[in-house]
Amino acid sequence: RFTHTIPVRGKTAYGVVTMASDPDRIRIDPSWKVLHKLDFNPGPSRLRAQIAAGDDPVGRIQAGVRLSKDGRPADVEVVRRAMQSEPMWQVQVRWLKALGASQTPAALDALVMLAATHSEVMSLGALFDALGSYRDPRVVEVTEARLDEGLPPLARGAAYQALGAQRERAPVERLVQAAGTAGAGGFAAAGALVA
């Protein structure tokens, strides 16, 4: 581990860091001591090493978001595979939001695959929120299949909203029926009403 501090005076700071060898990972402000907005791309190989770093959840978030941003199939596949073993639901939620924002075919493919099997209760809602940002017949198919299997109330509400976002493909009868169904906290019915 090598740390280098670059003094910041004003809006912009530049620095050159000389190292003995090419680093596997590069992190800016790894302790989050400075309020800032970061748009930093150290390259796919470093991002892939960073997304696999078990000791750095913020770094994993940054890497997954950056890899999702451009939607290159190989990078999105790295994020999809990492989702399956990521222990923190908070990290999963940020990656899912990034895949939804990507608006690329590769990101949609990844979300559809994840929607078929993902089971982390705390991030399931974010998964269906991300799916709902796409319009595709596969979204309806996988979402209805998961609803048929049974989902927790918050995820069920998000799944109904994802269906509603499909517009003419939305299963209107199912949504109307769900809107009138009582359930825990009313989350599912609320999602169906929004849909």
Hand me the trypsin sites (Lys or Arg not before Pro) from region 1-71 located in a DSSP loop with no more than 15 other Cβ atoms within 10 Å, in residue order please. Arg1, Arg9, Lys11, Lys33, Lys37
Highest GNM mean-square fluctuation among Leu38, Leu154, Leu124, for the chain with Cα springs under 10 Å, belongs to Leu38
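Just to confirm the filter: which trypsin sites (Lys or Arg not before Pro) across region 135-164 are DSSP coil and have at most 15 other Cβ within 10 angstrom of their Cβ?
Numbers: sites: Arg135, Arg138, Arg146, Arg156; in loops: Arg135.
Answer in residue order: Arg135.
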Subtracting the Cα-Cα distance from 0.36 nm times the residue separation, let me have the gained length for Asp56 to Asp29 in nm, one decimal. 8.5 nm
Among Ser119, Pro44, Pro171, the residue whose Cα sits farthest towards the positive end of the charge dipole of the chain, when +1 is placed on the Cβ of each Lys and Arg and -1 on the Cβ of each Asp and Glu, is Pro44
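Decide, for the chain, between rounded, prolate and oblate: order the square roots of the alpha carbon gyration tensor eigenvalues as a ≥ b ≥ c, take rounded if a/c falls under 1.5, and otherwise choose prolate if a/b is larger than b/c, else oblate.
Prolate.
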Nearest 10 degrees is fine. How inclined is helix 153-164 to the longest principal axis of the chain, computing both from alpha carbons? 80 degrees
Check each of the chymotrypsin sites (Phe, Trp or Tyr not before Pro) in region 1-101 and keep only those in coil by DSSP with at most 12 other C-beta atoms within 10 angstrom; list them in order. Phe2, Tyr14, Trp32, Phe40
Given the options Ile28, Ile51, Ile61, state which has the largest fluctuation in a GNM of the chain using a 10 Å cut-off (strictly under) for Cα springs. Ile28
Which length gain, in nm to one decimal place, applies between Ala74 and Met113 when the Cα-Cα distance is subtracted from 0.36 nm times their residue separation? 12.6 nm
Area accessible to solvent at Thr18, 1.4 Å probe radius, in Å²: 120 Å²
Whenever you get a sec, compute what percent of the accessible area on the chain sits on carbon and sulfur atoms (1.4 Å probe). 55 percent
If you take the square roots of the eigenvalues of the alpha-carbon gyration tensor of region 142-195 and sort them as a ≥ b ≥ c, do you get rounded (a/c under 1.5), prolate (a/b over b/c) or oblate? oblate
What residue among Leu193, Gly132, Gly59 has its Cα farthest toward the positive end of the dipole of the chain, where the charges are +1 on Lys, Arg and -1 on Asp, Glu, each on the Cβ? Gly59
Cut-off under 17 Å on the C-alpha distance; same-chain residues fewer than 8 positions from Lys33 excluded. Which aspartates and glutamates are left, in chain and number order? Asp56
Largest fluctuation, Ala155, Ala107, Ala182 only, Gaussian network model of the chain with Cα springs under 10 angstrom, belongs to Ala182
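The values are calculated or read from the model by the stated rules, or taken from the named source; none is laboratory data. In this text, all values refer to a predicted model and were calculated from it rather than measured experimentally. Cβ atoms come from the backbone with ideal geometry, glycine included; neighbour counts cover every protein chain shown. For the accessible areas, the whole protein counts, side chains as well, though only heavy atoms, and no ligand, DNA or RNA atoms are used. Shrake-Rupley method; radii C 1.70, N 1.55, O 1.52, S 1.80 Å.
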